[in-house]
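Step one of this worksheet: look at the structure below.
The values are calculated or read from the model by the stated rules, or taken from the named source; none is laboratory data. Remember, predicted model here, so these are calculated numbers, not experimental data. Cβ atoms come from the backbone with ideal geometry, glycine included; neighbour counts cover every protein chain shown. Surface accessibility is based on the protein's heavy atoms, side chains included, excluding ligands, DNA and RNA. Shrake-Rupley method; radii C 1.70, N 1.55, O 1.52, S 1.80 Å.
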Amino acid sequence: MKFPDQFLWGTATAAHQVEGGNAGCDCWILEHLKPTYFAEVSGDACDQYHLYREDIALTARLGFNSYRFGIEWARVEPEDGEFSTAALEHYRRVLAACHEHGIAPMVTLHHFTSPRWIAASGGWEASATADRFAVYCERVTAALGDLIASACTINELNSVPMLQALGYLGADERILRSRWRSAAAKAAGVEPAMWSAFPFCTRSISLNVILRAHRMGAEALRSGAHSFPVGMTMAMEEIVAEAGGEARCKAVLEAEIPFLEAARADEFIGVQCYTRHRMGENGEIAPEAGIERTTMGYEFRPIAIGAAIRRASKAARVPIIVTENGIAAADDSRRVAYIDEALDTVAGCIREGIDVRGYYYWSMLDNFEWLRGYEPHFGIIGVDRKTQRRIVRPSAEHLGRIARANATAP
Ligand code: BGC
């Protein structure tokens with residue numbers, strides 16, 4: 001299958017998961033609490049803050065034409081209203097390196113982590129966060145807009161409502177997490193304590209705040225001298241009802257509607273999908289015995305991306321970009337199999353007439369997988385944790401060949 005001209009072929013990362021030393025954000029504090037929900041601390045991550053040139057050159061050489069990466073709010077605005085010219089200059093160099101290598105840079109302005117001062121002043125439960133996010137977006141666009149090819153405002157802004165509808169983040173977990181947040185506040189010496197490295201420890205998000213943040217952030221990004229497409233990214237898995245699970249299934253699908261409707265005002269919507277969730281009467285039910293599972297414990301289900309694309313396209317009615325899709329696997333041949341089946345599914349959606357404009361594999365590198373630490377390996381490129389040496393896997397060569405040909409093999 002030949003993909004449309006100008007199709008974007010990329011890999012994706014998030015600032016906190018690859019940069020390293022991101023000590024100004026809320027997640028850093030949460031990782032260092034004792035006890036903590038995190039398996040380990042992020043530490044130097046993949047040191048991409050220093051190694052970005054090599055990583056960008058490597059993916060360009062492999063055949064990719066785009067790269068989705070994060071700009072870290074905590075670095076750009078380390079204190080309320082205090083902007084770092086040096087951090088903005090750093091991201092200018094990253095963006096320039098992309099252009100030097102023929103890579104179209106897609107940036108994400110918020111990928112789960114917030115500056116400590118945002119978390120301490122109410123996080124995503126405080127309405128002022130939307131205004132502050134817009135100011136940050138305005139600064140980024142003024143400093144970097146001429147080099148940005150496309151931008152995602154907030155990564156998976158629907159993740160908390162989605163997890164709640166799936167049956168997670170229930171009352172018990174909320175109490176536990178609120179105790180944990182108070183400990184975080186104490187450790188950082190700040191009050192009040194509304195830690196929200198969402199979705200890992202937030203009690204809730206306010207739909208109004210997050211949707212307003214997206215809208216105002218997007219307007220700010222569009223207000224610069226240079227225009228580029230702007231959208232949100234959505235966590236959208238395949239959702240199916242098993243016996244008795246019809247109401248739960250409906251609730252999960254309904255929870256995404258306000259977001260998909262808000263996306264109608266954008267130039268694209270980013271769809272992110274990894275697996276399928278089967279809903280039973282009391283919440284999610286595990287994959288059937290004998291079904292292949294990934295390192296994350298998810299059902300191996302590359303065709304899930306089709307359900308996500310179709311749902312997003314129907315409700316949002318804007319072009320689709322697959323901004324994340326991938327698998328954590330110890331055996332790289334399963335990654336190759338996953339990619340092939342997922343791309344066949346994307347190609348099928350395009351044949352049905354859906355306007356899909358790009359595919360970003362998660363992830364470029366084995367990186368800091370949040371609560372799970374460095375154990376799950378999502379990368380088409382491995383990372384030696386002692387030396388930071390990059391290890392190109394066969395899946396990287398495989399997807400790179402497809403990208404260069406803009407076609408999958410017959
Ligand atoms: C998130 C990533 C995460 C990935 C794999 C996505 O939902 O955006 O940050 O690493 O899933 O779990």
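Couple of notes before you dig in:
- Take every Cα pair under 8 Å whose residues are at least 6 apart in sequence, average their separation, divide by the length of the chain, and the relative contact order is 20 percent.
- Relative contact order for segment 298-410, counting Cα pairs under 8 Å that sit 6 or more residues apart, in percent: 25
- For the chain, the antiparallel share of DSSP beta bridges with both residues in that region comes to about 20%.
- Here's the picture: charge each Lys and Arg Cβ at +1 and each Asp and Glu Cβ at -1 in the chain, and of Thr295, Ser42, Gly102 the one pushed furthest to the positive end of that dipole is Gly102.
- Model label points for Glu284 and Arg92, set 7 angstrom from Cα along the Cα-to-Cβ axis, are 4.3 nm apart.
- Gain on full extension, evaluated as 0.36 nm per residue between Asp331 and Asp44 minus their Cα-Cα distance, stands at 100.8 nm.
- For Asn367, distant residues with modelled amide H under 5 Å away: Phe378, Gly379
- Portion, in percent, of the accessible area of the chain that falls on carbon or sulfur, probe 1.4 Å: 52
- Pair-distance distribution P(r) for the chain, from all Cα-Cα distances in 20 Å bins starting at 0: 28, 63, 9 percent.
- Estimated dipole of the chain in Debye, rounded to 20 [Cβ of Lys and Arg +1, of Asp and Glu -1, Cα centre]: 220
- Enclosed volume per residue, in Å³, of the convex hull spanned by Cα atoms of segment 86-142: 91
- In the context of the full set of protein chains, the chain has a per residue accessible area of 38 Å² (1.4 Å probe).
- Each residue of segment 303-317 was assigned a 3J(HN,Hα) from its phi angle through the Karplus curve 6.51 cos²θ - 1.76 cosθ + 1.60 (θ = phi - 60°); the sequence is 6, 4, 4, x, 5, 5, 4, 5, 5, 5, 5, 5, 8, 8, 6 Hz, with glycine and proline shown as x.
- For segment 1-85, the equivalent ellipsoid built from the Cα gyration tensor has semi-axes of 30, 16, 12 Å, listed from largest to smallest.
- The amide H of Gly358, built 1.01 Å from its N in the peptide plane, has Leu8, Val322 as neighbours under 5 Å, considering only residues 5 or more places off or on other chains.
- Rounded to the nearest Hz, the phi-derived 3J(HN,Hα) couplings of segment 359-370 under the Karplus curve 6.51 cos²θ - 1.76 cosθ + 1.60 (θ = phi - 60°) are 9, 10, 7, 9, 9, 4, 10, 4, 9, 6, 8, 6, where x marks glycine and proline.
- Highest mean packing first, where packing is the average number of other Cβ atoms within 10 Å per residue, the peptides 146-155, 384-393 line up as 146-155, 384-393.
- Calculated P(r) of segment 251-410 - Cα pairs past 19 Å, %: 59
- Around the amide H of Ile239, modelled in the peptide plane, lie the amide H atoms of His277, all under 5 Å away and 5 or more residues distant in sequence or on another chain.
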